[in-house]
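Input: a single structure, listed below in structure tokens.
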Amino acid sequence: MVDYKVVHLDDVPVTDLSEIEAVPPNLDIRPVGDSLGLSKMRCTVWYFEPGEEIQYHAHSEQEELYFVLEGEFSLKLGKSGEEEYVEADEGTFWVAEPKVGHGHRYVGDDRGVVLSVGAPPVEDPGLDPHSLDE
């Protein structure tokens, strides 16, 4: 038997991260994975206003995949000391493996929207990539 669930993005409630003290950044998200009951990955749609960003960070266990749905972003990617800046617009994917720094700033004029998928779905708070020993 196949287990499945279908949800439309408009039916996923918006969460305002500014109302959750322990969770930066102060962006709006739609936690799609929670609505779907995902247990092996995390899936989130992030909304950005001009200048908003997710700071350069890394995760100890989680691999993350991103996809730009709307807007233009400036990405900071790579291990500490090897960072590169890459421009990304609609239709662009990028990925960061565990312990690899990544962050992005919205540089467009309207609203930016990014889909992120991470696995495993563990609570894996951001680490400072400059402090990781390889």
Give, rounded to the nearest 20 debye, the magnitude of the charge dipole that segment 34-98 has about its Cα centre when Lys and Arg contribute +1 at Cβ and Asp and Glu contribute -1 at Cβ. 340 debye
Going from the fewest other Cβ atoms within 10 Å to the most, one would list 64, 84 as 84, 64
Normalised by the number of residues in the chain, what is the relative contact order in percent for Cα pairs under 8 Å and 6+ residues apart? 28 percent
Could you order the peptides 32-38, 14-20 from most to least packed, using the average number of other C-beta atoms within 10 Å per residue? 32-38, 14-20
The Cα radius of gyration of segment 27-134, divided by 2.2 N^0.38 Å with N its residue count, comes to 1.03
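Rule-based calculations on the coordinates, nothing more; no lab input. For clarity, every value in this text was computed on a predicted model and none was experimentally measured. Methodologically, a virtual Cβ is constructed for each residue, glycine included, from the backbone with ideal geometry; neighbour enumeration extends over all protein chains shown.
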